[in-house]
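S.K.: Below is the structure I would like to discuss, written out as structure tokens.
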Amino acid sequence: MSNLYLNIYTETMDFVSGDFTPTNIVKVKNYICSLNNFNNEKIEELRALIMRVKGDWISFKYAFFNETYYVDVYLIFRNKTLSVNQEEIVKSIILQCREFLLKNKYGTIDININNSDKLSKLLEEDGFILSISENDGSGLLNNKEIEKVFNENDVKYEVLNIGKSSFDGGASGAAENLIYFIMSSAASGVTWDVMKPILTGNLALPIQSITMKVMDKYNFNKLRKIVADRIRVEERSLILAEMHKKNSKLNLEFRASNKKIHITCDSNYNIIDFKVVED
């Protein structure tokens, strides 16, 4: 059983004037439900259904952790106001999404899926967080290939987030953002010196795409509790969606049912900046 948070937006822009800055983003529909046998293949099936209706100019993003999926679909239109035909396209896509959920026998949210408990159990181990980001739109980063190399090199890991985004329209592209917890102890001998040749050699990943942070269990759990308290959600619903290191600061993004929380903190997880974006 998996929980799905599906959000559908319209995004309009003034294409004629050449100003591609989004002028208006509106959430037109959201679904919060549970599904049996939901996986990446089902997400691609949903994306294909939407593409068949819309054609192009779609931004499709999702994040996954512990049988929890956050899927954001942006239907992009190159005019400030939707035409009657475009409004019909939006309605048709909403209908397609509903039929997809009905076909896959969706139900109410599964309250037994607890992201906080899952993460807490992982953090009982010694280790570090590894974040790998692809920002050039090439779509070459592949979590399956990375995990295959981990297994071949006896690296013990757990997935903290699989995030993917794609854009179809004009210059199309795709990117992945991956976060792993790497088990590390004196016995295992897994350190940055061990991981670096695996990542940059075996996988040929650019060093600037990699962030590694030794896990400070106490302060990280403290930060998650602060986030949950500030936005008034249960810790069980939070997932770590992104992590990037810039100079001595960490940039983190958490996801909740209808919020994205962007945080800048120091190396001890003390908050410097805190921003909440409502979905």
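The values are calculated or read from the model by the stated rules, or taken from the named source; none is laboratory data. Bear in mind the structure is a predicted one, so any value in this text is a computation, not a measurement. As a convention, Cβ positions derive from the backbone with ideal geometry for all residues, glycine included, and neighbour counts pool all protein chains shown. Accessible surface is based on the protein model in full, side chains and every heavy atom, while ligands, DNA and RNA are left aside. Shrake-Rupley method; radii C 1.70, N 1.55, O 1.52, S 1.80 Å.
S.K.: Answer yes or no: is there a residue in region 258-272 that is touching a residue at least 60 places away in the same chain (Cβ under 8 Å) and touching a strand residue (DSSP E or B) at 6+ places or on another chain (Cβ under 8 Å). Walk me through it before giving the result.
M.R.: Initial filter on region 258-272 (touching a residue at least 60 places away in the same chain (Cβ under 8 Å)): 258.
Next, only the ones that are touching a strand residue (DSSP E or B) at 6+ places or on another chain (Cβ under 8 Å) stay: 258.
Yes, there is a match, as at least one residue in region 258-272 is touching a residue at least 60 places away in the same chain (Cβ under 8 Å) and touching a strand residue (DSSP E or B) at 6+ places or on another chain (Cβ under 8 Å).
S.K.: Only residues that are within 19 Å of Leu178 (Cα to Cα) and among the hydrophobic types (A, V, I, L, M, F, W, C): list them for region 244-279, please.
M.R.: Within region 244-279, Leu250, Leu252, Phe254, Ala256, Ile261, Ile263 qualify.
S.K.: Something else about it: Of (1) touching a residue at least 12 places away in the same chain (Cβ under 8 Å); (2) open to solvent by 30 Å² or more (accessible area, probe 1.4 Å); (3) among the β-branched types (Val, Ile, Thr), Val84 satisfies all except one. Which?
M.R.: (1)
S.K.: I'm trying to understand the selection: among the residues of region 254-275, which are among the aromatic types (Phe, Trp, Tyr) and at pLDDT 90 or above?
M.R.: At the first step, the residues of region 254-275 found to be among the aromatic types (Phe, Trp, Tyr) are 254, 269, 274.
Phe254, Phe274, listed by residue number.
S.K.: Separate question: Can you find a residue that is touching a residue at least 60 places away in the same chain (Cβ under 8 Å), part of a strand (DSSP E or B), open to solvent by 10 Å² or more (accessible area, probe 1.4 Å) and out of contact with any Cys (no Cβ under 9 Å at 6 or more places or on another chain) anywhere in region 49-59?
M.R.: The initial filter retains those residues of region 49-59 that are touching a residue at least 60 places away in the same chain (Cβ under 8 Å), namely 51, 56-59.
Filter once more, so that each one left must be part of a strand (DSSP E or B): 58-59.
Pick out the ones that are also open to solvent by 10 Å² or more (accessible area, probe 1.4 Å) and you get 59.
Subset that is out of contact with any Cys (no Cβ under 9 Å at 6 or more places or on another chain): 59.
So far as region 49-59 goes, yes, one or more of its residues are touching a residue at least 60 places away in the same chain (Cβ under 8 Å), part of a strand (DSSP E or B), open to solvent by 10 Å² or more (accessible area, probe 1.4 Å) and out of contact with any Cys (no Cβ under 9 Å at 6 or more places or on another chain).
S.K.: Let me ask you something else. Only one of (1) touching a strand residue (DSSP E or B) at 6+ places or on another chain (Cβ under 7 Å); (2) surrounded by 13 or more Cβ atoms within 10 Å (Cβ to Cβ); (3) closer than 25 Å to Ala175 by Cα fails for Ser34. Which number is that?
M.R.: (3)
S.K.: Next question. Which residue is farthest from Asp193 (Cα to Cα), if the candidates are limited to region 144-165 and must be part of a helix (DSSP H, G or I) and open to solvent by 60 Å² or more (accessible area, probe 1.4 Å)?
M.R.: Filtering region 144-165 for residues that are part of a helix (DSSP H, G or I) and open to solvent by 60 Å² or more (accessible area, probe 1.4 Å), the one farthest from Asp193 (Cα to Cα) comes out as Lys144.
The rows are residues; the columns are (1) out of contact with any His (no Cβ under 8 Å at 6 or more places or on another chain); (2) in a strand (DSSP E or B); (3) of a type in the set (Gly, Ala, Ser); (4) touching a residue at least 60 places away in the same chain (Cβ under 8 Å).
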{"position": "Thr12", "(1), (2), (3), (4)": "yes, yes, no, yes"}
{"position": "Ile25", "(1), (2), (3), (4)": "yes, yes, no, no"}
{"position": "Val28", "(1), (2), (3), (4)": "yes, yes, no, yes"}
{"position": "Tyr31", "(1), (2), (3), (4)": "yes, yes, no, yes"}
{"position": "Glu41", "(1), (2), (3), (4)": "yes, no, no, no"}
{"position": "Tyr74", "(1), (2), (3), (4)": "yes, yes, no, yes"}
{"position": "Lys80", "(1), (2), (3), (4)": "yes, no, no, yes"}
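S.K.: Could you count how many residues in region 91-115 are within 24 Å of the chain's Cα centre (by Cα), aliphatic (A, V, I, L, M) and either part of a helix (DSSP H, G or I) or closer than 14 Å to Val73 by Cα (or both)?
M.R.: 3
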